[in-house]
1. My understanding is that a pair violates if its Cα-Cα distance is over 29 Å; which of LYS20/LYS62; LYS165/LYS185; LYS152/LYS185; LYS20/LYS47; LYS62/LYS185 do that in this structure?
2. How large is ³J(HN,Hα) for each residue in the stretch 117-130, as worked out from phi by the Karplus curve 6.51 cos²θ - 1.76 cosθ + 1.60 (θ = phi - 60°), to whole Hz, x for Gly and Pro?
3. Any idea how far apart SER92 and LEU24 come out in nm if each label point goes 7 Å out from Cα toward Cβ?
4. Helix 24-35 against the longest principal axis of the chain: what's the angle in degrees, Cα atoms only, rounded to the nearest 10?
5. Heavy atoms only, 1.4 Å probe, whole protein assembly: order MET41, MET115, MET126, MET132 by accessible area, highest first.
6. So which chymotrypsin sites (Phe, Trp or Tyr not before Pro) in the stretch 82-155 are both in a DSSP loop and have at most 11 other Cβ atoms within 10 Å of their Cβ?
7. Largest first, how would ARG144, ARG15, ARG87 line up by accessible area (1.4 Å probe)?
8. Could you pull out which residues in the stretch 30-51 have an amide N less than 17 Å from a spot 7 Å beyond the Cα of TYR112, following the Cα-Cβ vector?
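The values are calculated or read from the model by the stated rules, or taken from the named source; none is laboratory data. Just so it is clear, the model here is predicted, and its values are computed rather than measured. We place every Cβ from the backbone using ideal geometry, glycine too, and count neighbours over all the protein chains shown. Note: areas computed on protein heavy atoms with side chains; ligands, DNA, RNA excluded. Shrake-Rupley method; radii C 1.70, N 1.55, O 1.52, S 1.80 Å.
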Amino acid sequence: MYNVIETILTRRSIRSFLDKQIPLKDLQTILLAGSYAPTGMGMQSWKFTAIQNKNILDKINKAIKTAILTVSNDNKLYSYVNKFIKRAQDESYNFLYNAPTYVIVSNLESNYNSMADSSLAIGNMMLAAHSMGIGSCWLNQLPRLSNIHEIKDLLIELEIPENHKVYGSVVFGYPNEIPKVYLRKDVSKIFI
Ligand SMILES: Cc1cc2nc3c(=O)[nH]c(=O)nc-3n(C[C@H](O)[C@H](O)[C@H](O)COP(=O)(O)O)c2cc1C
């Protein structure tokens, strides 16, 4: 099998990480792989903000918790919201899965292709990471809560351009779990 196919077929989302940082060189390779994803009209209007600083990671986790508790009141009808409220109230819960590295992908809000471009970049990063023995998981909390005051302030502090929107974010680290097999649906139809 081609190496790239094997990498694609064996990648799984990782939600438990070893307490060991990934080398800066590997992070740079992951970000480089992200930047080689295709972009609509070759725009490359994205920005990859990578964080390995423990204090900043803690701050992000805290801001996510505060933001969840801020928005949740109006949305308590949804069971998944209650799950998130419980997690946000739990002092020990970490919304970044205690991963040592976090990458935020932002992009020009005015670019029609920003979501697609950012997703492709994240896909590349996750596969590059997996090929180096580094686990990853897409995290939706930060993008979903970007309009909340605490998260807005955080994005300014992280120098994310004001005309950008966060389209995705990913945690990276060495896996501390063997994820379950996740069978794929057969969704293809081939006309020959
Ligand atoms: C757009 C998107 C958002 C996701 N958000 C989250 C998330 O917030 N938290 C999480 O643990 N996993 C998240 N995931 C990971 C999915 O749950 C995971 O990819 C899916 O269950 C398939 O499992 P696999 O990645 O191991 O193949 C997200 C994935 C995508 C593509």
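1. On the way: LYS20/LYS62 21 Å; LYS165/LYS185 32 Å; LYS152/LYS185 38 Å; LYS20/LYS47 25 Å; LYS62/LYS185 37 Å.
Result: LYS165/LYS185; LYS152/LYS185; LYS62/LYS185 exceed 29 Å.
2. Using θ = phi - 60°, the values come out as 4, 5, 5, 5, 5, 5, x, 4, 4, 5, 5, 4, 4, 4 Hz.
3. If labels sit at SER92 and LEU24, their model points lie 3.4 nm apart.
4. Helix 24-35 sits at roughly 80 degrees to that axis.
5. Working: MET41 165, MET115 90, MET126 20, MET132 60 Å².
Largest to smallest exposure gives the sequence MET41, MET115, MET132, MET126.
6. Details: sites: PHE84, TYR93, PHE95, TYR97, TYR102, TYR112, TRP138; in loops: TYR93, PHE95, TYR97, TYR112.
When the chymotrypsin sites (Phe, Trp or Tyr not before Pro) of the stretch 82-155 are filtered for loop state and at most 11 Cβ neighbours within 10 Å, TYR112 remain.
7. Values: ARG144 160, ARG15 125, ARG87 70 Å².
From most exposed to least exposed: ARG144, ARG15, ARG87.
8. Residues 39-45 qualify, since their backbone N sits under 17 Å from the label point.
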